[in-house]
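Okay, so here's the structure we're looking at.
Any read-out appearing in this document is the output of simple, stated calculations on the displayed coordinates, not a laboratory observation. The structure displayed is predicted, hence computed values, not measured ones. Positions of Cβ are backbone-derived with ideal geometry, glycine not excepted, and every protein chain shown enters the neighbour counts.
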Amino acid sequence: MKNVLKILSVLTVLFISACSKDNIPDGQGAVNVRITDGPFPFEFVSEANVGLAKVELKNEAGEFVTVFEGSSKYNMVELTNGVSADVEKTNIPAGVYTESRITLNQASVLLSNGNSFNLNADATAGSYTTPIEPAFTVEEGETSNVLFDLD
């Protein structure tokens, strides 16, 4: 069971900057949040589902800014080989962001042999905090992209 939780933990945060002005309020920038899954031996796994409840970014002042809150479910097996899923696009205060925090509310795994593991909410609910290295800047009036690689 520990290996299943390790599989579903947050691994990496990638930052990509883009330039666009999409009616962003003064003092803010926009951020696109996306998720993907890096290489994994999927010959044994048919589905690896995670329920995403919240995504936050920590600014230099030490405050977490919520960029997504809700309930979204993703099959990570479908998000490989360069495929990613949009989670949210939202405006946040312009500034430097150094850390991310992702809260999961559900996780399940379906193995290729038909065995499945539904991890109860108590086992999967929780926040996973990851440093963003190097830190990234959300520029005022610009849109930035953050890609989370969930393993």
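Take the Cα of residue 60, step 7 Å toward its Cβ, do the same at residue 129, and the gap between the two points is 2.0 nm. With the simple spin-label model, which puts each label point 7 Å out from Cα in the Cβ direction, the residue 139 to residue 98 separation comes to 2.3 nm.
Placing dummy labels 7 Å off each Cα toward the beta-carbon, the span from residue 43 to residue 26 is 6.1 nm. Along region 82-91 the Karplus relation, 6.51 cos²θ - 1.76 cosθ + 1.60 evaluated at θ = phi - 60°, assigns HN-Hα couplings of x, 7, 9, 10, 6, 9, 6, 10, 8, 8 Hz to successive residues, with x for each Gly and Pro. Between amide H atoms placed 1.01 Å from N, distances below 5 Å from residue 106 occur with 51, all of them 5 or more places distant or on a separate chain.
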